[in-house]
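To keep things clear, I will list the structure first and then write my remarks on it.
The values are calculated or read from the model by the stated rules, or taken from the named source; none is laboratory data. Note that the structure is predicted; figures quoted are calculated from it, not measured. Positions of Cβ are generated from backbone atoms using ideal geometry, with glycine treated the same way; all protein chains shown enter the neighbour counts. For accessibility, only protein heavy atoms count, side chains too; no ligands or nucleic acids. Shrake-Rupley method; radii C 1.70, N 1.55, O 1.52, S 1.80 Å.
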Amino acid sequence: MKKTSVFSLLLVLLAAYSQGFAQQPSTDEINTRIRKEGNENSQIMRTMHFLTDVYGPRLTGSPNLKAAGEWAANRMRSWGFENAHLEPWDFGHPGWVNERLTAHIISPVQDVLTCEVLAWTPGTNGTVSAEVYQMILPEKPTQEDFTKFLSAEASKVKGKIVFAGKHQIVPVTIAPPSARIDDKQAKERFDPNNPNAGAFGNRGPRQQEQQQQQEGPKPLTPAQINEQLDQFLVSNGALIRVNDAGREHRQIRAFNNRTFDLTKALPTIVMSNEDYGRITRILADVAPVQLEFIIVNHIYPEGKTAYNTIAEIPGTDKKDEVVMLGGHLDSWHAATGATDNAIGCAVMMEAARILKVIGVKPRRTIRVALWSGEEQGLLGSQAYVKEHFGSAEEPKPEFSKLVAYFNIDSGTGRARGAGVFGPPEAATIVREALAPFEDLGVAGAIATKGRAIGGSDHTSFNHAGLPGIGMNQDPIEYGSATWHTNLDTYERIIEDDAKKSAIVVAAAVYQLAMRDEMLPRFTKESMPAPPPPPAPAATRPATPTPTQARPQTSSGL
Ligand SMILES: [Zn+2]
């Protein structure tokens, strides 16, 4: 062939190629572009740096969280997203920030103590130095037992730093939990023909039912014990309450005063299990023990209004239909909330950014949502669903327009599969969208039909009868080290895993935004009944008592 004819053949091929390009790039072509952008130009760690180092921790109602939301909205605007804004909802509690904490043993030895402050508790108003009194709480007391116990303790706590409970023995971990789900297991979890697929990670109400079936006077719940103990310590003149963190390697999970009312609790510390144990042993041998604390907390009344952060890539011919993706932006306050859940936000922002950058024109609108109030009970996403969609039983006009909501909230591990609320046909479509990414570790999708609130924000959608999609992930160090702890920082992120998750989600979101039909849903007849509203005592204890640790879940709040 002559040089000129080779050249003109190339031109013809190029023209045909680019014409096809302009019309409808093939799925393979789109997936290749998604992979390339996600791997070569990832913004995930840049986003992580701001959300954690600069704006963390991001407790709901705090100015940090609002600033993080504003930063994210601005960043998505700079990527070309539209309609980026903060959407208010009524949190109802003031913002709270711990600004300063020093904790020392000053007698009989001098040393620094590893502690965190319980959220929505007061500060110390200067330096507090006092003797320790350790209160050994009764196990599973009834109201009568506990009232009797407290009245015997009343004279012992005045002017004291009170250790609430005995030291918890945390066994040394010999065999660490596996950091990745093996491929065979992942396939089984997301195999539609496996009758046990989807059974993993589910926590049922079984335990509560069993408790309720017990004969005789019921034992108090951990939440009831905590609240009564707080009340008792405040009214009997104790100075500080100290809880045992009860975890290995100086890990601390500090949650909140469940009443959110600072007058109803003392300044409250969660102390590392190691320091709590050391002081317990010294008390038994060389009492008295003297400790010293300085705690400065700040209250922000304007935090009563909290915000979800929203931004969109507008659709074209089906732009009133929406594919949503997101995660919660709020965190606990003991660290900067990297794996829970800045990384989920960074991954979902990245998935949408990839689609924007590769220049596709989605038929449906793609909407990113970064929630707040998740850690206090999925409050921000529930408020959003109520406001925009209503529920299957009381739908608003937008109810019929949501294709699906993708959620990611189980740490830094790569996505391994999806649980899709809806009929099996819905999971099949998501499975097909994920299938080209088996090499990145994603095993498939299975249908779910539970409408109980719990786990993470996709269940706010499921609860309403909307198609929530929860991504399952490799555990890495989530349950064992970072989830809700003082170790949850930028350093614990595996960038390569997060990139894989973003690529996989981008591809699935794109497919759902382009199909002729929406994702199949339950019909009116096949829609599972909503669960009864939980009794107040059945909600998770925000302040676990020493006698009952929080339940572990595979995709916890
Ligand atoms: Zn979370």
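Tell me whether the range 341-359 contains one or more residues that are at positive phi and either surrounded by 21 or more Cβ atoms within 10 Å (Cβ to Cβ) or away from the ligand (no atom under 14 Å from the Cβ) (or both). Checking the range 341-359: at least one residue is at positive phi and either surrounded by 21 or more Cβ atoms within 10 Å (Cβ to Cβ) or away from the ligand (no atom under 14 Å from the Cβ) (or both). The set of residues in the range 44-80 being touching an Asp or Glu at 6+ places or on another chain (Cβ under 6 Å) and under 20 Å from residue 502 (Cβ atoms) consists of 44, 45. Tallying residues that are open to solvent by 10 Å² or more (accessible area, probe 1.4 Å) and within 18 Å of residue 527 (Cα to Cα) within the range 399-422 yields 4.
When 336, 309, 280 are screened for being closer than 30 Å to residue 113 by Cα and within 16 Å of the ligand (Cβ to nearest atom), only 336 passes.
The selection criterion, being at pLDDT 95 or above and more than 16 Å from the ligand (Cβ to nearest atom), holds for residue 429. Here residue 543 passes the criteria (1) away from the ligand (no atom under 16 Å from the Cβ); (2) modelled with pLDDT of 95 or more; (3) in contact with a helix residue (DSSP H, G or I) (Cβ under 9 Å, 6 or more places away or on another chain) except the one numbered (2). Is at least one residue of the range 381-401 hydrophobic (A, V, I, L, M, F, W, C), at pLDDT 95 or above and within 16 Å of the ligand (Cβ to nearest atom)? Looking through the range 381-401, none of the residues is hydrophobic (A, V, I, L, M, F, W, C), at pLDDT 95 or above and within 16 Å of the ligand (Cβ to nearest atom).
The criterion of at least 2 residues that are among the small types (Gly, Ala, Ser) and open to solvent by less than 40 Å² (accessible area, probe 1.4 Å) is met by the following strands (runs of 3 or more DSSP E) wholly inside the range 79-170: 95-107.
In the range 483-527, the residue that is nearest to the ligand (Cβ to nearest atom) out of those that are farther than 22 Å from residue 406 by Cβ and of a type in the set (Val, Ile, Thr) is 485. The listed residues are 491, 438, 495, and the only one of them that is of a type in the set (D, E, K, R), farther than 26 Å from residue 249 by Cα and surrounded by fewer than 20 Cβ atoms within 10 Å (Cβ to Cβ) turns out to be 438.
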